[in-house]
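Enquirer: I have a structure I would like to understand better, so I am pasting it below and will then ask my questions one at a time.
The values are calculated or read from the model by the stated rules, or taken from the named source; none is laboratory data. These numbers were taken from a predicted model, which means no experiment stands behind them. Positions of Cβ are generated from backbone atoms using ideal geometry, with glycine treated the same way; all protein chains shown enter the neighbour counts. Ligands, DNA and RNA are excluded from the accessible area calculation, which covers all protein heavy atoms including side chains. Shrake-Rupley method; radii C 1.70, N 1.55, O 1.52, S 1.80 Å.
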Amino acid sequence: MNQRLPKHERLCRRSAIRLLFEKGKSVKAYPLKMLYLPLSEADALQALRPALAEGLAQPPRAQILITVPKRAFKKAVARNLLKRRLREAYRRNKHLLAGNASYFYWVLCTLVKNKSLTGSWRLN
């Protein structure tokens, strides 16, 4: 089982991010908020950069973008730690998305702050 997170599995294009915010669906499970947009295989392949699309037989099942708001977590060290932990959690569990073979996804995960969150995630 491949547990890497290569470049083609990261959501980087501004047009794709804009489309995700405009047409994406939202799910909240404290402390995470997730925006996602199901895509067809043709749309997912078209959204990739041409250089990446040529080397792939099929597009990745999901492209992910992880954000942590500066308003909620002032220190860059804390934001980077949380982003690293979210990437690691996704990387280890991304095989769960492979079971749904009919869709491709763009996903944006973000955190919201609460005082109990900082204690449990050891950010103080």
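Enquirer: If we keep just the residues of region 1-45 that are touching a strand residue (DSSP E or B) at 6+ places or on another chain (Cβ under 7 Å) and basic (K, R), which is nearest to A62 (Cα to Cα)?
Expert: R10
Enquirer: Name the residue that is nearest to the chain's Cα centre (by Cα), counting only residues in region 4-44 that are modelled with pLDDT under 80 and open to solvent by less than 60 Å² (accessible area, probe 1.4 Å).
Expert: Going residue by residue through region 4-44, those that are modelled with pLDDT under 80 are 8, 40-44.
Narrowing the set further to residues that are open to solvent by less than 60 Å² (accessible area, probe 1.4 Å) leaves 8, 40, 44.
On the way: H8: 12, S40: 18, A44: 15 Å.
Of everything passing the filter in region 4-44, H8 is nearest to the chain's Cα centre (by Cα).
Enquirer: Just to be sure before I move on: is K83 outside any loop (DSSP other than H, G, I, E, B), modelled with pLDDT of 85 or more and touching a strand residue (DSSP E or B) at 6+ places or on another chain (Cβ under 6 Å) in the structure I sent? Break it down stepwise before answering.
Expert: Values: outside any loop (DSSP other than H, G, I, E, B): yes; modelled with pLDDT of 85 or more: yes; touching a strand residue (DSSP E or B) at 6+ places or on another chain (Cβ under 6 Å): yes.
For K83, the condition - outside any loop (DSSP other than H, G, I, E, B), modelled with pLDDT of 85 or more and touching a strand residue (DSSP E or B) at 6+ places or on another chain (Cβ under 6 Å) - is met.
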